[in-house]
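The values are calculated or read from the model by the stated rules, or taken from the named source; none is laboratory data. Since this is a predicted model, take the numbers as computed values, not measurements. Neighbour counts run over all protein chains shown; Cβ positions are idealised from the backbone, glycine included.
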Amino acid sequence: MTRTAFLDALAAIAGEKDVLTDERDTAGHFTDWRRQYRAAAECVVRPANTGEVAAVVRLCAREGVAIVPQGGNTGLSGGAVPSGTVREIVLSLARMNRIRALDPLDDSLTAEAGCVLAQIQRAAEEAGRYFPVSLAAEGSCQIGGILSTNAGGVNVLRYGNARDQALGLEVVLPDGSVWDGLRSLRKDNTGYDLKQLFIGAEGTLGIITAAVLKLRARPNASATAWIAVETPSRAVELLARLREQLGDCVSAFELVSRKCLEAVLAHAPGTADPLGTRYPWYVLAELEDSGTFESLHARLEAALADCAARGEVRDAAIAASHQQAAALWRIRESIPEAQFANVKHDVAVAVSRVPLLIERGETALAAAFPGVQSFIFGHVGDGNLHYNVGDDALTGRREEVNRVIYDVVRSLGGSISAEHGIGQLKREEIKRHKQPLELELMRAVKRALDPQGLMNPGKVLGSE
């Protein structure tokens, strides 16, 4: 089939206006958010429903054309843009943005893959329920991409990663058949849990078109504090102390270095230092619970006073209103853009080893790149740090910087990807960190489901 005939066949499925070929329409789909990866594809096709997705996949399977599934294209590992190595199309799920069902008694919501995270949060709130996934990109990231990368966010400490929020999936498989696994069962012990194959697979095994998501009772109150600590070790000790005193109502616990705070103050107008005094490290902690704001505020205040008396806290500011809490969270959410151009890492170790990761990482970086600066922040409550290094001038030595950080992570039994996925960025590096048997098992699953290798090629698995 010629390219013209192929494009005509796609237009017959999705409609002519939703098969994009003009560079002005496709440019944003062919470049990742950080502008690290750019490659052209045949076109961008935007199906409106699962039937159209399946028809597009069947056509591509017949013609040997690869498919790059794409959500909001907010990823940081180049997993949602073309590789440029094969004939491929981008399949955008943006038009599939309906919330199909919401059952407050069942605590479940069924959403199509193109639903933006903020849209799902609002729908849950309007029903008196709560969807706890919260990301800096929640105004543009889509639930299909969130599940495909098993994204985390700031509430993982209490609620878990994206895979913990999914009860069921609808998936278009590489041959165009549709697996309808849209069930809201909490218990289903009838063999392999197939949905887990597709969560975190970055579209390499099939295309998630809809999901049944788990909702929670909406917390009546929250309390937020910006806390100064002397060292990362003190931060980890503080987490343990707060959980001892406050239990599972600790929903978020974010570590922020002074350098990150200074980058935000310089970048984001209207932000201010919450404490007014320089400290080397900070924690942004949030509690969620039933009861009243006043009672939760008092509990947090008492716990922090006890920690201060023990010498575990240098200073703290507790938000007195939702507006003040939002201002504190704006600092945290502004960090990625405030230090946009540097060498970024999304790594994880056991929570108790976070201080060792920072200590050994800084020592190794100083030896390899004297005078280099690190911007360290992240979800220390689950051991996930965003360990960003240097500035734009160092990006040309990315592989050298990566090797320093990844070797430290490996020595501590950690992971080189905590929540951003592998994509193109780490597809070769995982061969140094996965056991050969693990890689072969992954390849076996890939061959079984996608024998033609047409689903998001060049992502996740390194070259053979």
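I'd like to know if the stretch 111-130 contains one or more residues that are among the β-branched types (Val, Ile, Thr), on the phi < 0 side of the Ramachandran plot and in contact with a Lys or Arg (Cβ under 8 Å, 6 or more places away or on another chain).
No: the stretch 111-130 contains no residue that is among the β-branched types (Val, Ile, Thr), on the phi < 0 side of the Ramachandran plot and in contact with a Lys or Arg (Cβ under 8 Å, 6 or more places away or on another chain).
Scan the stretch 430-441 and tell me whether some residue there is under 20 Å from Asp32 (Cβ atoms) and either assigned by TED's automatic domain parsing to the domain that holds Glu286 or in contact with a helix residue (DSSP H, G or I) (Cβ under 8 Å, 6 or more places away or on another chain) (or both).
Yes: one or more hits.
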Can you tell me which residue among Val460, Val389 is among the β-branched types (Val, Ile, Thr), over 23 Å from Phe253 (Cα atoms), surrounded by 23 or more Cβ atoms within 10 Å (Cβ to Cβ) and not assigned by TED's automatic domain parsing to the domain that holds Arg158? Val460
Touching a Pro at 6+ places or on another chain (Cβ under 9 Å), of a type outside the set (Val, Ile, Thr) and assigned by TED's automatic domain parsing to the domain that holds Val313: which single residue out of Ala268, Ala228, Ala263, Ala272 fits that description? Ala228
Residue in the stretch 153-198 that is nearest to the chain's Cα centre (by Cα), counting only those that are part of a helix (DSSP H, G or I) and charged (D, E, K, R): Arg163
Listed by first then second residue, the pairs whose first member lies in the stretch 30-48 and is outside any loop (DSSP other than H, G, I, E, B), whose partner is among the acidic types (Asp, Glu), with beta carbons under 9 Å and at least 6 positions apart or on separate chains, are Phe30/Glu23; Arg38/Asp32; Val44/Asp18; Val44/Asp25; Val45/Asp18; Val45/Glu52
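Condition first: buried (at least 16 other Cβ atoms within 10 Å of the Cβ) and either more than 22 Å from the chain's Cα centre (by Cα) or not polar (S, T, N, Q) (or both). Now tell me which residues in the stretch 244-257 satisfy that.
Leu246, Cys249, Val250, Ala252, Phe253, Glu254, Leu255, Val256
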Can you name every residue in the stretch 45-94 that is among the basic types (Lys, Arg) and surrounded by fewer than 19 Cβ atoms within 10 Å (Cβ to Cβ)? Arg58, Arg62, Arg87
Looking only at the stretch 1-28, and only at residues there that are β-branched (Val, Ile, Thr) and closer than 18 Å to Pro82 by Cβ, the one that is surrounded by the most Cβ atoms within 10 Å (Cβ to Cβ): Val19
Look at the stretch 255-280 and say how many of its residues are touching a Phe, Trp or Tyr at 6+ places or on another chain (Cβ under 7 Å), among the charged types (D, E, K, R) and not in a helix (DSSP H, G or I). 0
Part of a loop (DSSP other than H, G, I, E, B), at pLDDT below 95 and of a type outside the set (A, V, I, L, M, F, W, C), is that true of Gly114? no
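Test of understanding: among Arg432, Arg410, Arg353, Arg398, which residue is surrounded by fewer than 18 Cβ atoms within 10 Å (Cβ to Cβ) and either modelled with pLDDT of 90 or more or in contact with a Cys (Cβ under 8 Å, 6 or more places away or on another chain) (or both)?
Selected residue: Arg410, the only one of Arg432, Arg410, Arg353, Arg398 that is surrounded by fewer than 18 Cβ atoms within 10 Å (Cβ to Cβ) and either modelled with pLDDT of 90 or more or in contact with a Cys (Cβ under 8 Å, 6 or more places away or on another chain) (or both).
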When the stretch 245-267 is examined, which residues are found to be in contact with a helix residue (DSSP H, G or I) (Cβ under 9 Å, 6 or more places away or on another chain) and under 23 Å from Ala217 (Cα atoms)? Gln245, Leu246, Asp248, Cys249, Val250, Ser251, Ala252, Phe253
I need the full set of residues from the stretch 176-200 which are surrounded by 12 or more Cβ atoms within 10 Å (Cβ to Cβ), out of contact with any Gly (no Cβ under 8 Å at 6 or more places or on another chain) and among the hydroxyl-bearing types (Ser, Thr, Tyr), in order please. Ser177
Does the stretch 279-321 hold any residues that are buried (at least 21 other Cβ atoms within 10 Å of the Cβ) and β-branched (Val, Ile, Thr), and which are they? Val283, Val313
From the set of residues in the stretch 322-350 that are more than 18 Å from the chain's Cα centre (by Cα), of a type in the set (A, V, I, L, M, F, W, C) and surrounded by fewer than 18 Cβ atoms within 10 Å (Cβ to Cβ), which is nearest to Tyr387 (Cα to Cα)? Ala341
Cβ pairs under 7 Å, 6+ apart, first in the stretch 169-192 and closer than 16 Å to Glu52 by Cβ, second of a type in the set (A, V, I, L, M, F, W, C) and modelled with pLDDT under 95: none
Taking the residues in the stretch 125-153 that are surrounded by 23 or more Cβ atoms within 10 Å (Cβ to Cβ) and among the aliphatic types (A, V, I, L, M) as candidates, determine which candidate is modelled with the lowest pLDDT. Ala151
Matching residues, the stretch 215-236, being at pLDDT below 95 and over 24 Å from the mean Cα position of the chain (by Cα): Asn220, Ala221
